[in-house]
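Student: Let me begin by handing over the structure; questions about it come next.
The values are calculated or read from the model by the stated rules, or taken from the named source; none is laboratory data. In this text the structure is predicted, and so the values were computed from the model without any measurement. Neighbour counts run over all protein chains shown; Cβ positions are idealised from the backbone, glycine included. Remember, those area values only see protein heavy atoms, side chains included, never the ligands or the DNA or RNA. Shrake-Rupley method; radii C 1.70, N 1.55, O 1.52, S 1.80 Å.
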2 protein chains.
Amino acid sequence: MASNIEFYFDFASPYGYLAATQIDEIGAKYGRNVDWRPILLGAVFKITGNRPLDNQMRSSYMRHDIRRFARFLDVPITFPESFPVNSVATSRAFYWLDAQSPEKARQLARAIYHYHWGEGGDPAQEDAMRAIAERLHIDSDALIAGMQDQAVKDRLKAETDRAIEREVFGAPTIIVDGEAFWGADRLDQVEWALEGGAAAA
Amino acid sequence: MASNIEFYFDFASPYGYLAATQIDEIGAKYGRNVDWRPILLGAVFKITGNRPLDNQMRSSYMRHDIRRFARFLDVPITFPESFPVNSVATSRAFYWLDAQSPEKARQLARAIYHYHWGEGGDPAQEDAMRAIAERLHIDSDALIAGMQDQAVKDRLKAETDRAIEREVFGAPTIIVDGEAFWGADRLDQVEWALEGGAAAA
């Protein structure tokens, strides 16, 4: 049986959002499930020494690139004021729900990304998180409480550590049959790999 | 009349090579000429504070990515021992010829890139440069001498400065009607822009 596609992302990342709007459809097209795995890119950068937007020219280009990329994919984009958002709370919410239902957790992740990057809202705010959860018929009191569970906190740390062990140095990173593809701009090569085009170099 | 596509690249850059294998065909498809403009990315990085490969994980991924990307495009790739090559000599050779014939200069650029990234050779070596030139029926004595012309040196510096003024912070950068696209992985969006899909964000 074909292995699942692994989708590592950080809720703060616009390119993660762009990839998130496409990855389930790509999986479905090639008969693969997708494991959604939010991680904390800040923790990854501490290990790798990488930095995100590292100068004004590049930062200004990237804002343009993100908007253009969204138009290219025909998905909504609103640059949030809360950039980069702290993605600890949203990632914990995801893993609390993932332990009960990976499918529900995926729906929550898509809704969080849509709220944050599609509409420009701040999902780290508790009232925003409650509203997102309730629209998906998730018990928001249980969610808010569950985000403080030690097991949930440990899971987020473990998934981030595991990503680093697997040499994930940026996000989104999509892993297909053990091979990593970094960036929303590698989705075409992800599809090509799923078609059987890629092989180890 | 439609404006030319501007193609900024550094001979040391593998992603520049990958874009160089595609850009003329894309231009031809949409009835646009392509202005090839080698620049010195090292000078750009001095201004922008950017760095190329900045850690081991990323560097190891990029080597894999470059090979995979070449297979995706179905073009030859050989990682050169002389990486990153000093691209001053090749860039000067280009501009010496460009003043006489932009078409010949473009042929030379494609041949240099093929020799360097397709075959893994070091085009900064004088004998290699002579051999590349002679295969294109370019007078190699005149070329080697011409690379020392002050006008040629000044042109390379001026083109690099102009790229920085235009906020080119990395290479390859492709400019279509004033809009910049950074990276070989934006060629699909370059085509989309040429089809009329992109507009200012």
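Student: Under a plain spin-label model, where a point goes 7 Å from the Cα along Cα-to-Cβ, how far apart in nm are B:Ala151 and A:Ile47?
Tutor: Going by the 7 Å Cα→Cβ label model, 5.6 nm.
Student: Could I ask something else about it? Got the relative contact order for the range B:84-166 handy, in percent, Cα pairs under 8 Å and 6 or more residues apart?
Tutor: Across the range B:84-166, relative contact order equals 32 percent.
Student: Helix-derived [θ] at 222 nm for chain B: sum -39500 (n - 2.57) over DSSP H runs of at least 4, divide by residue count, nearest 500?
Tutor: -15500 deg cm²/dmol
Student: For B:Arg67, place a label point 7 Å out from Cα along the Cα→Cβ vector, do the same in each other copy, and report the separations in nm, one decimal, smallest first.
Tutor: Sorted ascending, the copy-to-copy spacings read 4.0 nm.
Student: Give the accessible surface of chain A per residue, rounded to a whole number of Å², with probe radius 1.4 Å and ligands, DNA and RNA excluded.
Tutor: I get 43 Å² per residue for this part.
Student: Okay, next question. Multiplying the sequence separation of B:Asp127 and B:Tyr30 by 0.36 nm and subtracting their Cα-Cα distance, what value in nm do you get?
Tutor: 31.1 nm
Student: Next question. Of the heavy-atom accessible surface of chain A (probe 1.4 angstrom), what whole percent is carbon and sulfur?
Tutor: 50
Student: What residues does the range A:167-198 have that are buried by at least 20 Å² of accessible area in the full protein assembly compared to the chain on its own, 1.4 angstrom probe?
Tutor: Buried-area filter returns A:Glu167, A:Phe169, A:Glu179, A:Ala180, A:Trp182, A:Asp185, A:Arg186, A:Asp188, A:Gln189, A:Trp192.
Student: If you scale each eigenvalue of the Cα gyration tensor by 5 and take the root, what three semi-axes come out for the protein assembly as shown, rounded to whole angstrom and sorted largest first?
Tutor: So the three semi-axes of the protein assembly as shown are 44, 21, 19 Å.
Student: Something else about it: Please compute the net charge surrounding A:His116, taking Lys and Arg as +1 and Asp and Glu as -1 over other residues with Cβ under 14 Å from its Cβ.
Tutor: Residues close to A:His116 contribute a combined charge of -3.
Student: Here's a follow-up. Provide the buried accessible surface between chains B and A in square angstrom, both chains summed, 1.4 Å probe, rounded to the nearest 100.
Tutor: 3400
Student: With the contact rule set at Cα under 8 Å and sequence spacing of 6 or more, what percent relative contact order holds for the range A:143-201?
Tutor: Result for the range A:143-201 is 17 percent.
Student: A further question on this structure: Among the aspartates and glutamates, which have Cα under 14 Å from the Cα of A:Lys46 when same-chain residues fewer than 8 positions away are ignored?
Tutor: A:Asp161, A:Glu165, A:Glu167, B:Asp54
Student: Still on this model: Sequence gap at least 6, Cα distance under 8 Å: using those rules, report the relative contact order of the range B:11-84 to the nearest whole percent.
Tutor: Worked out over the range B:11-84, it gives 42 percent.
Student: Same structure again: Please report the residue of chain A with the smallest beta-carbon distance to the A-to-B rotation axis, and give that distance in Å, no decimals.
Tutor: A:Asp185, 2
Student: Nm distances between the label at B:Asp127 and the same-position labels in the remaining copies, 7 Å along Cα→Cβ, shortest first?
Tutor: 7.6
Student: Select from B:Gln107, B:Gly178, B:Ala193 the residue farthest towards the positive end of the dipole of the range B:82-201; place +1 on Cβ of Lys and Arg, -1 on Cβ of Asp and Glu, and compute about the Cα centre.
Tutor: B:Gln107
Student: Along Cα→Cβ at 7 Å, what distances in nm separate the A:Phe45 label point from those on the other copies, shortest first?
Tutor: Those separations, rounded to one decimal, come out as 2.0 nm.
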